[in-house]
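Peer 1: Before I ask anything, here is the structure I am working with.
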Amino acid sequence: MNFDELVLARQSVRRYDNHEVESEKIIQCLEAARWSPSASNSQPWHFIVVDQEPLRTEVAKATFTEIQLINKFTLQAPVLIVIVQQKPKLITRLAMQVKKKEWPLIDIGIAAAHFCLKATELRLGTCMIGWFNENRIKEILKIPADKNIGLLISLGYVPKDYRLRKKTRRQLSAISSYNKYAD
């Protein structure tokens, strides 16, 4: 797959079959994330691979409620990746205060994108998950109270009958301009 094909093939997958994901493929995805850029090379992330029961099911249950069911598909995902935000380098922390930017969250997003693109290349499905009960997941996985969870990623094989959705995006002219801001 060339890069353009990879970008178009990557989707938020919300249905998985029950095949176990090989540890070699998980490691390849983690390596892709590890090599992603970060502010001052802080690498402000720690990836927790959750693939053992009953932990996986407990973490999955912390991504939805009786009212908000959109993430219930996580129960099917054989692997959940929890990205814990780490403290960035001192120079980055100082710059964050001056510029009022949260670079670690941006960095985690870039790392997550690398992870998901590599998974797509390996014919695996992923979905980035931002809605979850952070305190419950911290309790389940024994994450220190002073740490924050940036994102979760579901990972697994896509069922053979799963159809890629036609991607829709705004026109390039509606989201970009040259040399000045223009609506």
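Peer 1: Starting from region 68-81, take each residue that is at pLDDT 95 or above and list its partners that are part of a loop (DSSP other than H, G, I, E, B) and buried (at least 22 other Cβ atoms within 10 Å of the Cβ), counting only C-beta distances under 7 angstrom and pairs at least six apart or across chains.
Peer 2: 71/63; 74/63; 76/16; 77/16; 78/16
Peer 1: Residues that are among the small types (Gly, Ala, Ser) and touching a Phe, Trp or Tyr at 6+ places or on another chain (Cβ under 8 Å): which strands (runs of 3 or more DSSP E) entirely in region 76-183 hold 2 or more of them? Steps first, please.
Peer 2: Numbers: elements: 79-85, 124-129, 148-157.
Hits in region 76-183: 148-157.
To keep it simple, each residue is scored yes or no on (1) exposed (fewer than 13 other Cβ atoms within 10 Å of the Cβ); (2) touching an Asp or Glu at 6+ places or on another chain (Cβ under 7 Å); (3) not small (Gly, Ala, Ser).
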{"position": "109", "(1), (2), (3)": "no, no, no"}
{"position": "112", "(1), (2), (3)": "no, no, no"}
{"position": "141", "(1), (2), (3)": "no, no, yes"}
{"position": "147", "(1), (2), (3)": "no, no, yes"}
{"position": "150", "(1), (2), (3)": "no, no, no"}
{"position": "157", "(1), (2), (3)": "no, yes, yes"}
{"position": "164", "(1), (2), (3)": "yes, no, yes"}
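Peer 1: Residues in region 126-146: is at least one over 26 Å from residue 65 (Cβ atoms) and in contact (Cβ under 8 Å) with a residue 12 or more places away in the chain? Steps first, answer last, please.
Peer 2: Step one: list which residues in region 126-146 are over 26 Å from residue 65 (Cβ atoms), which gives none.
The answer is no; no qualifying residue exists.
Peer 1: Between residues in region 17-39 that are under 17 Å from residue 154 (Cβ atoms) and residues that are of a type in the set (Val, Ile, Thr) and part of a helix (DSSP H, G or I), which pairs lie under 9 Å by C-beta distance while being six or more apart or on different chains?
Peer 2: Every condition considered, the pairs that remain are 33/110.
Peer 1: Continuing with this model, one more query. Taking region 18-42 as the search range and keeping residues that are modelled with pLDDT under 95 and part of a loop (DSSP other than H, G, I, E, B), which one is farthest from residue 69 (Cα to Cα)? If you could, list the steps in order and put the result at the bottom.
Peer 2: So in region 18-42, the residues modelled with pLDDT under 95 come out as 18-19, 38-42.
Cutting the leftovers down to part of a loop (DSSP other than H, G, I, E, B) gives us 18-19, 38, 42.
On the way: 18: 21, 19: 24, 38: 33, 42: 35 Å.
Filtering first and then ranking leaves 42.
Peer 1: Give the residues of region 66-94 that are in contact with a helix residue (DSSP H, G or I) (Cβ under 8 Å, 6 or more places away or on another chain), more than 24 Å from residue 10 (Cβ to Cβ) and either surrounded by 16 or more Cβ atoms within 10 Å (Cβ to Cβ) or among the charged types (D, E, K, R) (or both), sorted by residue number.
Peer 2: 86, 87, 88, 89, 92
Peer 1: Next up: Can you tell me how many residues in region 63-75 are in a loop (DSSP other than H, G, I, E, B) and within 23 Å of residue 108 (Cα to Cα)?
Peer 2: Filtering region 63-75 for residues in a loop (DSSP other than H, G, I, E, B) gives 63-71.
With the extra rule that they be within 23 Å of residue 108 (Cα to Cα), the set shrinks to 63-64, 70-71.
Residues in region 63-75 being in a loop (DSSP other than H, G, I, E, B) and within 23 Å of residue 108 (Cα to Cα): 4 in total.
The values are calculated or read from the model by the stated rules, or taken from the named source; none is laboratory data. The shown structure was predicted, so the numbers you read here are calculated from the model rather than taken from an experiment. Please note: Cβ atoms are built from the backbone with ideal geometry, for glycine as well, and neighbour counts cover all protein chains shown.
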